[in-house]
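Engineer: This is the structure I have questions about; it appears just below.
The values are calculated or read from the model by the stated rules, or taken from the named source; none is laboratory data. None of the values given here were measured: they were computed from a predicted structure. All Cβ positions, glycine included, derive from the backbone under ideal geometry; neighbour counts span all protein chains shown. With ligands, DNA and RNA removed, areas are computed over all heavy atoms of the protein, side chains included. Shrake-Rupley method; radii C 1.70, N 1.55, O 1.52, S 1.80 Å.
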Amino acid sequence: MQTITLKVEGMSCNHCVNSIEGALKNIGATGKVDLAAKSVQVTYEESKTNPDAIKAAIEDQGYDVV
């Protein structure tokens, strides 16, 4: 298992948390959103997904990975 932490702009509420965590689950990753820190800690298996796919899944929900 690999873990990365990404800075994400545009999150402000629990809907944002659910949206991002759901998108990550759909690609085989798990995420823990920290609204105060504007970050997402993502755990994933390299055989199932990769950092580029994780960033794309978050950005597809309307958020900016910085």
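Engineer: Return the residues of the stretch 36-66 that are at pLDDT 95 or above, assigned to a loop (DSSP other than H, G, I, E, B) and within 11 Å of residue 8 (Cβ to Cβ); say none if nothing qualifies.
Structural biologist: Passing the criteria: 37, 38, 61, 62, 63.
Engineer: On to the next question. Check residue 49 against each of (1) polar (S, T, N, Q); (2) within 14 Å of residue 3 (Cα to Cα); (3) more than 8 Å from the chain's Cα centre (by Cα); (4) open to solvent by 40 Å² or more (accessible area, probe 1.4 Å) and name the one condition it does not meet.
Structural biologist: Here residue 49 clears every test but (4).
Engineer: Identify all residues within the stretch 1-28 that are open to solvent by 90 Å² or more (accessible area, probe 1.4 Å) and closer than 15 Å to residue 41 by Cβ; write none if there are none. Give the derivation first.
Structural biologist: As a first pass, look at the stretch 1-28 and keep what is open to solvent by 90 Å² or more (accessible area, probe 1.4 Å): 1, 5, 7, 12, 14-15, 18, 25-26.
Residues satisfying the conditions are 1, 5, 7, 25.
Engineer: May I pose another question? Restricting to the stretch 16-35, name every residue that is in a strand (DSSP E or B) and among the hydroxyl-bearing types (Ser, Thr, Tyr).
Structural biologist: Residues of the stretch 16-35 in a strand (DSSP E or B): 29-34.
Passing the criteria: only 30.
Engineer: Please name all residue pairs, on different chains or six or more residues apart, with Cβ atoms under 6 Å, provided the first residue is in the stretch 18-42 and is in contact (Cβ under 8 Å) with a residue 60 or more places away in the chain and the second residue is open to solvent by 90 Å² or more (accessible area, probe 1.4 Å).
Structural biologist: If the second residue must be open to solvent by 90 Å² or more (accessible area, probe 1.4 Å), no pairs are left.
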